[in-house]
Structures are given as structure tokens and as C-alpha cells.
Amino acid sequence: MVRMVKDHLYRKSVALVLSMQVNLQRILMIWVLVAAFACGLRLAFPATPYAETPWVSGAGLLPYLLVVALPVATLMLGLKLFPMGQVHAQPTFRLAKVGRWQKVDCLRAREMSQFGLYGVMASLLLGIILNVPVRTLEFLSSVPALGSFAPSWFVSLYSILLADVVILSSLYMFAFAMALRLVPLFPRFLVMVWGIDLLAQLGIAHMVSSIDEVPRAVDMALLDLLSGNVKKVLISAALWMPYLLLSERVNVTFRHRVSA
């Protein structure tokens with residue numbers, strides 16, 4: 001019974017990964033349409049009125065173009081930098097030294113049943129790519145569009161949060177591209193992104209505390225948002241770090257080594 005359940009879940013993971021690989025362009029198109037619609041709704045309800053039509057205003061439209069397009073562009077760049085089927089060199093210096101492992105050559109690793117993005121690894125892939133719409137929707141639901149007469153404190157706050165969602169979403173998409181292309185540096189790059197994400201939330205809290213005239217209600221709402229982001233990063237790292245270090249599949253696929 002347990003074996004049947006494991007086989008069923010494994011087949012589901014294979015179908016999920018293959019679906020993401022085959023339908024990636026369609027997924028991106030759906031994302032662009034949904035995100036553009038959500039951004040349009042946000043533009044329609046700015047914090048202050050527009051002096052001109054927001055669609056022709058750089059301050060109105062440009063930030064949301066970045067929110068929608070830059071993560072997609074980063075993913076496409078990653079896929080172009082790491083072509084499908086290319087064998088990538090292993091890093092000369094190992095950071096993951098937990099456990100006892102035996103090196104295997106890349107051809108033998110690719111023939112092993114543990115090689116690939118299936119099983120639990122598929123859940124990690126799904127979590128990485130879902131991080132982008134979640135962050136984007138949080139930004140759109142929490143931060144109104146500027147309008148043309150926003151106070152200076154809100155312009156500063158908006159700029160900081162915009163940079164956070166655009167940069168972090170792009171980094172997660174690049175990590176997703178590295179995983180799809182089986183780039184050996186993927187595990188350490190993902191850990192680096194978690195670290196950047198955590199430092200970004202702490203840095204935003206510090207920067208906002210130095211901005212004058214921020215209303216207390218806004219300050220408290222932002223604190224809740226940043227605290228939630230920190231918790232999500234810490235939970236993700238706590239759940240997936242042991243897997244990235246000790247999983248036979250991760251080690252065979254990305255490090256070309258098996259347990260000794």
C-alpha cells in the first residue's frame with residue numbers, strides 16, 4: 001500500500017515537472033495576463049489622483065511594467081544562459097560537505113534513477129515559481145499606486161517595496177531557470193537568494209524606520225508584512241536546507257555524487 005502511494009506521488013511529480021517544462025511559455029503568458037490585469041486594477045485606485053492619464057505616465061505605468069515583465073525576462077535570460085541538455089561543470093570548491101559521498105562522472109549520474117527533478121524536488125520547484133505571484137499579489141494588495149501628488153514619505157516607501165518585489169521575484173525566477181537546466185550551482189544560488197531575501201526584509205525595516213512622517217497605521221501594517229516575509233523565508237530555509245544537503249536526488253542531479 002505504501003509502495004503504491006509512493007509510486008502514485010512519484011508519477012504525479014513527473015507529470016508536474018514535465019508540464020512545467022512543456023507548457024512554460026503558456027504559463028508565462030497566463031502570468032503576464034493575470035498580473036497585468038491585477039496591476040491595471042491597482043492603477044485604477046491610486047493613493048492620490050493622477051495629473052494625467054496613468055497609462056502615459058512613467059510614474060504610473062513603469063513600476064508595474066517592471067513588476068510584470070522583469071521576472072519573466074530574468075527567467076528567459078536564465079534559460080538562454082543555460083541551454084537545455086548542456087552538461088555544466090561542477091564547482092571546484094564544495095560547500096555542501098555534510099555526509100559521506102562518492103563522486104561519479106556526469107554520464108553515470110544521468111543514467112541513475114535518482115537523477116532528475118522528480119519526487120520531492122518537484123515540490124521545491126513549484127514552491128520557487130509560486131513565490132513570484134504570491135509576492136506580487138502581496139505587493140499589489142498592500143501598496144497603492146502613487147498617483148501624482150503622493151507625499152515624499154510614501155514615494156520613498158513605495159520605491160523600497162517596489163525594488164524588493166521586482167528584484168527578489170527576478171532572483172527566484174533565475175533560480176527556477178537554473179533548476180530546470182540542472183545547473184550545479186542551483187542549490188547554493190537558492191540559499192543565497194534566501195539570504196538576500198532575509199536581509200532585504202530586515203534592511204527595509206531599517207530604512208523605513210528612518211523615513212520621517214510615516215503614519216503609525218502604515219508603519220504597523222508594513223511591520224506585519226515584513227514579519228510575514230521573514231517567517232516565510234525562515235520556514236522555507238528550515239524545510240529545504242536539509243533536503244538540499246542530504247537528498248540523494250539533489251546530490252546525484254546537481255553534485256554528481258552518491259552516498260558512500
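Between SER156, SER247, SER209, the Gaussian network model of the chain with springs among Cα atoms under 10 angstrom shows the greatest mean-square fluctuation at SER209.
Between the residues GLN102, THR74, MET112, the greatest Cα displacement towards the positive end of the dipole of region 38-138, with unit charges on the Cβ of Lys, Arg, Asp and Glu, is found for GLN102. Classified by the C-alpha gyration tensor, region 156-201 has an oblate form. Its axis ratio a/c, with a ≥ b ≥ c, is 1.5 or above, and a/b does not exceed b/c. Note on LYS103: aspartates and glutamates with a C-alpha under 19 Å away, same-chain residues under 8 apart excluded, are GLU111, GLU248. Taking every C-alpha pair closer than 8 Å and separated by at least 6 residues, the mean separation divided by the residue count of region 2-259 gives a relative contact order of 31 percent.
Among the helices of the chain (complete DSSP H runs), which have Cα atoms covering no less than 15 Å along the helix axis and a Kyte-Doolittle mean of at least 1.6? Those that pass (Cα extent of 15 Å or more, hydropathy at least 1.6) are 24-44, 58-81, 152-180.
Taking the number of Cβ atoms within 10 Å of each Cβ as an exposure proxy, the fewest-first ranking of ASP212, ASP197, ASP164, ASP7 is ASP212, ASP7, ASP164, ASP197. Set against the labelled values (i) 18.2; (ii) 16.2; (iii) 27.1, mean projected area of the Cα convex hull in nm² computed from this structure falls on (ii). The ranking of SER123, SER259, SER170 by Cβ neighbour count inside 10 Å, starting from the fewest, reads SER259, SER123, SER170. For TRP101, the residues whose amide H sits under 5 Å from its own are ALA260, ignoring neighbours fewer than 5 places away on the same chain, with H placed 1.01 Å from N. The LYS97 and LEU137 beta-carbon pair, evaluated with R₀ = 35 Å, returns a calculated FRET efficiency of approximately 0.35.
Shape of region 133-223 from the C-alpha gyration tensor: prolate (a/c of 1.5 or more and a/b above b/c, with a ≥ b ≥ c the square roots of its eigenvalues).
Throughout, read-outs are computed from the coordinates displayed, never taken from laboratory work. These figures come from a predicted structure and were not determined experimentally. Methodologically, a virtual Cβ is constructed for each residue, glycine included, from the backbone with ideal geometry; neighbour enumeration extends over all protein chains shown.
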